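Working notes for the structure below.
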Amino acid sequence: MTTTRSIVRIDSGDGPTVPRRRATALLTTLQSDSHTWNLVFLQIHLEGLGYDVVNLGPCVPDELIVQECRRRVPDLVVVSTLNGHGVTDGLRVIRRIRSIPAMSDKPVVIGGKLGVGGRQPLHVVAKLVDSGYDAVFDDGAPMAEFDRYLHRVVARQRRALSSAGGTG
Ligand code: B12
């Protein structure tokens, strides 16, 4: 399932909504994971915030994630996983994403149910972050936390655009 929509707006919630260049979010799950409704939910959520969403659907091979990152250089990558293999699969994938030079400083987050038996201990979350994720939203993390994170990302991307002289 790959979907894009022509929405240009990014509403950071902290100022007037200004049309900018399109921001693309690459939304994916991991190779072993067939859960899909989480992706549908997140796609709608991100579209509501103004992102063009490329939803790679369930059971995404690592290689496809890497290819799509190379091809599109998305402004944001959201990894969603529920089946309990998120930590193992997620660590493998983030290393490959970060090895792409254009993706070395792009925001990449992971969330859902990352292991089994509820939230992962702090050392596991720390390992995910050390391996390259910018943020981890494990089991039951409120969506408001994700939104606050995205608002910070949008503000940072706007600053980078204006200091690069971009008009959007
Ligand atoms: C539907 C379902 C299935 C369906 C999926 C069908 C489909 N095409 O989607 C089927 C039957 C195929 C299935 C299979 C399996 N499932 Co299943 N499944 C579910 C179920 C009932 C609902 C999941 C769902 O669709 N929720 C709806 C979405 C919208 O909500 P959500 O999942 O909660 O997602 C929210 C958050 O997690 C969050 N979120 C998710 N990702 C991210 C990412 C970020 C960045 C952020 C901020 C937030 C975020 O946002 C979402 C919206 O609020 C859950 C139990 C449950 N009630 O949650 C089990 C559940 C996820 N499944 C589970 C398991 C174990 C399996 C199987 C391994 C079972 C088996 N032994 O075969 C397989 C795995 C298959 C595979 N290869 O992945 C476990 C996972 C256990 C864990 N991780 O601790 C659960 C929790 C059931 C349980 N209680 O044991 N499953």
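The values are calculated or read from the model by the stated rules, or taken from the named source; none is laboratory data. Remember, it's a predicted structure, so these values are computed and weren't measured experimentally. Please note: Cβ atoms are built from the backbone with ideal geometry, for glycine as well, and neighbour counts cover all protein chains shown.
Please report, ordered by residue number, the strands (runs of 3 or more DSSP E) entirely within the stretch 60-168 with at least 3 residues that are under 15 Å from T28 (Cβ atoms).
Working: elements: 76-81, 108-112, 135-137.
Where strands (runs of 3 or more DSSP E) fall fully within the stretch 60-168 and carry at least 3 residues being under 15 Å from T28 (Cβ atoms), they are 76-81, 108-112.
From V73, V125, grab the single residue that is among the aliphatic types (A, V, I, L, M) and within 14 Å of the ligand (Cβ to nearest atom).
Details: V73 fails: within 14 Å of the ligand (Cβ to nearest atom).
Only one candidate passes the filter, namely V125.
So which of L82, L30, L42, L49 ends up being touching an Asp or Glu at 6+ places or on another chain (Cβ under 6 Å) and farther than 20 Å from P101 by Cβ?
Numbers: L82 fails: touching an Asp or Glu at 6+ places or on another chain (Cβ under 6 Å); L42 fails: touching an Asp or Glu at 6+ places or on another chain (Cβ under 6 Å); L49 fails: touching an Asp or Glu at 6+ places or on another chain (Cβ under 6 Å).
Just a single option satisfies the conditions, and that option is L30.
Conditions: (1) within 13 Å of the ligand (Cβ to nearest atom); (2) of a type in the set (G, A, S); (3) at pLDDT 95 or above. S104 meets all but one. Number of the miss?
(1)
Just one of the numbered conditions (1) under 13 Å from the mean Cα position of the chain (by Cα); (2) modelled with pLDDT under 95 is not true of G15; which one?
So the condition that G15 fails would be (1).
Go through (1) small (G, A, S); (2) near the ligand (Cβ under 10 Å from one of its atoms); (3) modelled with pLDDT under 95 and name the single condition G57 misses.
(3)
Counting only residues that are under 15 Å from L91 (Cα atoms) and either out of contact with any helix residue (DSSP H, G or I) (no Cβ under 9 Å at 6 or more places or on another chain) or polar (S, T, N, Q) (or both), which one in the stretch 128-149 is nearest to the ligand (Cβ to nearest atom)?
At the first step, the residues of the stretch 128-149 found to be under 15 Å from L91 (Cα atoms) are 128-138.
Going one step further and asking which of them are either out of contact with any helix residue (DSSP H, G or I) (no Cβ under 9 Å at 6 or more places or on another chain) or polar (S, T, N, Q) (or both), we end up with 129-131.
Details: V129: 14, D130: 18, S131: 16 Å.
Among those that are under 15 Å from L91 (Cα atoms) and either out of contact with any helix residue (DSSP H, G or I) (no Cβ under 9 Å at 6 or more places or on another chain) or polar (S, T, N, Q) (or both), it is V129.
So which of H123, H151 is touching a residue at least 60 places away in the same chain (Cβ under 8 Å) and over 21 Å from D33 (Cα atoms)? Talk me through it step by step, then tell me what you get.
On the way: H123 fails: touching a residue at least 60 places away in the same chain (Cβ under 8 Å).
Result: H151 is the single residue among H123, H151 that is touching a residue at least 60 places away in the same chain (Cβ under 8 Å) and over 21 Å from D33 (Cα atoms).
Pull out all pairs, ordered by first then second residue, where Cβ-Cβ is under 6 Å, the residues are six or more apart or on different chains, the first lies in the stretch 73-91 and is touching a residue at least 40 places away in the same chain (Cβ under 8 Å), and the second is of a type in the set (D, E, K, R).
Pairs found: T81/D33; L82/K113; N83/D33.
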